1. Starting from the amide H of V231, placed 1.01 Å from N in the peptide plane, find each other amide H under 5 Å away whose residue is 5 or more places distant or on another chain.
2. May I ask you to sort F17, F352, F58 by Cβ crowding, counting other Cβ atoms within 10 Å and putting the fewest first?
3. Return the sequence-ordered ³J(HN,Hα) values of the stretch 255-270 in whole Hz as given by the Karplus equation 6.51 cos²θ - 1.76 cosθ + 1.60 applied to θ = phi - 60°, using x for Gly and Pro.
4. Using the Kirkwood radius built from alpha carbon pairs, what does the Stokes-Einstein equation give as D for the stretch 216-359 at 37 °C and 0.692 mPa s, in µm² per second?
5. How would you rank R221, R60, R270, going from fewest to most other Cβ atoms within 10 Å of each one's own Cβ?
6. Roughly what would the spin-label model give for D310 and F58, points 7 Å off Cα along C-beta, in nm?
7. Can you work out ³J(HN,Hα) from phi for every residue in the stretch 330-338, in order, using Karplus 6.51 cos²θ - 1.76 cosθ + 1.60 and θ = phi - 60°, giving whole Hz and x for Gly and Pro?
8. What are the residues whose amide H is under 5 Å from the amide H of K346, where those residues sit 5 or more places off or on another chain and H is modelled from the backbone?
Amino acid sequence: EECYGLGVQHLHDEIDFLVVNLPLPWAFECTFCAVDKLSSRGVVCVFDSNLHEDTCRFLRCEGFSQIDYVDDDNPNVQASLFLRSTNFLNAVRADLLPDRRREAGDGEARFDANRYMQKFIYPERSQGQSDWQDIEYFQSHYDRFKKNLPQHLSISASQEGEDILLMRLLGKRAHEKGFYVDIGAHHPVRFSNTLRLYLGGWRGINIEPNATLIELFHRYRQRDINLNCGVSDKAGQIDYFEFEEPALNTCDPVTAQNYVRLGCVQKGVRSIAVRPLDHILNEHLPDDCEITFLNIDIEGHELSALMSMDWKRRRPLVACIEALTSEQSNLITEFLRQQDYALVAKTMNSMFFMAQGAQ
């Protein structure tokens with residue numbers, strides 16, 4: 001470990017392309033030492049990235065965007081590219097927001113990506129008075145922003161680009177007004193796999209146990225049904241582990257322990273009401289309403305939510321399910337295989353399934 005780290009530190013030239021193909025103990029050390037030597041357009045390729053969770057998490061925290069490549073024959077084997085996406089965004093010309101321009105030094109107005117992204121931060125974390133209006137601002141400028149990007153690029157609100165992959169899987173149906181169910185919806189903009197659909201005229205059900213966050217859905221997703229509860233295979237009360245980073249909140253004690261072990265700050269534990277998904281859908285969804293997209297991201301409790309729905313009666317076209325470990329991935333894949341769903345795509349932590357025979 002010391003040898004690899006010192007070797008990288010002693011390099012004098014900038015690195016344009018770093019390939020990390022090392023056993024677990026040394027990969028993180030090598031990457032940690034190399035990041036400061038990467039050029040402004042530097043790219044990192046991590047082999048077996050599904051095994052190097054700490055390395056991948058570190059690179060994401062350093063501002064890199066992650067793109068995963070999965071072996072078709074073995075979905076548990078993958079490599080990932082890490083790109084400095086903010087450098088590209090900062091270089092985009094911004095005719096986009098004439099009232100939010102800054103001078104770039106050469107007299108041209110350029111888009112301030114950092115300030116633009118601040119609107120996704122929780123209101124309670126913002127400093128002072130802000131005129132950024134989250135989804136309202138996003139909606140009003142979304143189309144204009146897209147026109148300033150090259151045609152082959154897309155805007156993603158998801159954590160790992162799931163919404164872009166979803167549009168590819170849906171094909172023509174992406175432009176029809178479908179219905180989604182988002183369990184563990186978290187936030188109407190930040191890390192949202194359904195924002196893009198909502199902006200396209202879709203509607204759905206958002207389920208989120210965090211009372212503060214569900215208020216944002218009431219405000220910004222007024223076409224949707226927004227429910228403040230958890231989902232599990234049995235109705236009742238369950239422990240809900242809350243973290244300083246609310247995207248990590250979970251009902252799974254093992255996942256909570258793992259987050260604490262990784263240094264994540266836990267704020268506390270409280271009891272929340274949980275309901276089977278079937279009960280929720282029977283109450284809020286007519287029998288003739290087809291679920292086009294099912295999204296479940298509840299930090300280790302996904303299988304319990306999956307088992308709480310009647311899969312013979314409700315047949316989502318596409319399901320995106322988070323799996324944080326290979327064991328969870330295998331259990332979820334096997335369960336959905338028994339429901340006649342096939343694994344068709346994967347990002348670092350999200351798996352996409354489609355109903356067998358779906359067009």
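Read-outs: derived from the displayed coordinates by stated rules, not from any lab. Nothing here was measured: the structure is a model prediction, and the numbers come from that model. Neighbour counts are summed over all protein chains in view; Cβ atoms, including those assigned to glycine, are modelled from backbone coordinates with ideal geometry.
1. R275
2. Details: F17 12, F352 20, F58 16.
By the 10 Å Cβ count, ascending, the order reads F17, F58, F352.
3. 3J(HN,Hα) across the stretch 255-270, in whole Hz: 4, 4, 4, 5, 5, 4, 4, 7, x, 6, 8, 8, 8, x, 10, 9.
4. Numbers: Rh = 16.3 Å.
In µm²/s, the coefficient is 201.
5. Details: R221 23, R60 15, R270 11.
Ranking R221, R60, R270 by Cβ neighbours within 10 Å, fewest first, gives R270, R60, R221.
6. Calculated label separation equals 5.1 nm.
7. Result, rounded to whole Hz: 5, 5, 5, 4, 5, 4, 6, 4, 5.
8. Here F352 satisfy the definition.
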